[in-house]
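The values are calculated or read from the model by the stated rules, or taken from the named source; none is laboratory data. If you're wondering where the values come from, they're calculated on a predicted model, not measured in any experiment. Methodologically, a virtual Cβ is constructed for each residue, glycine included, from the backbone with ideal geometry; neighbour enumeration extends over all protein chains shown.
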Amino acid sequence: MLRCPRCGQEAARRSPRAGVWEHVVSVLYLYPFRCQLCSTRFRSFQRRRYTRRSQDRREYDRLAVRVPVTIVSGAERAEGETADLSLTGCSVRTAATFAAGSTVQLRLRLGQSGDVSVESAVVRTQRDGGLGLQFEKITATDHDRLSRYLGRFLRPSGTSRRRSAFPRPEVVLAAAIGVIVILMMLMLIGHVGGPPLR
């Protein structure tokens, strides 16, 4: 199982590669991941190659969680319900309309977990009956409360439970380097010795 090095939870999702270095080391099965609970980004060796996800570039899982939500923008106030929710955004079912790009405030009512206030969220998409929102500003306390709440719905992440028939990539790489070093040493010893004495 893939465990976050910071919080120790098994709640990581494959993250898009950033920069040339991450593309190069992915050849050796070293991939970036993002913890869904504490937001830590880290790299980990994996036994399988990941294919590019063309559709979903999100770093956080959107979980099908329904909670009541209040949306406020200036004097406008609307009620709705989340269709999905993550640490960085949500989709809301609501009759209200807010223009794409506008900024709103949210109050998520998480039942026994308490309320979470999102001080600033940007409307990314607006369609009939719903909004797509990206959280821009949320206090550390509310972020932690939302993280704990979502942690109840996340499946443990990581590699397959079944053991691979192939050795780990880092073991193969270390073995290949070892063989090359031994061969070079043998060749060097052969050249240093010079011609045999008569």
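General observations
- Residue within segment 21-32 that is outside any strand (DSSP E or B), at pLDDT 80 or above and within 23 Å of His143 (Cβ to Cβ) present: no
- Those residues of segment 1-20 which are assigned to a loop (DSSP other than H, G, I, E, B) and touching an Asp or Glu at 6+ places or on another chain (Cβ under 6 Å), in sequence order: Met1, Arg3, Ser15
- Residue, nearest to the chain's Cα centre (by Cα), within segment 90-136, restricted to residues that are assigned to a strand (DSSP E or B) and polar (S, T, N, Q): Gln134
- Residue that is surrounded by the fewest Cβ atoms within 10 Å (Cβ to Cβ), among those in segment 115-130 that are within 16 Å of Phe98 (Cα to Cα) and aliphatic (A, V, I, L, M): Val122
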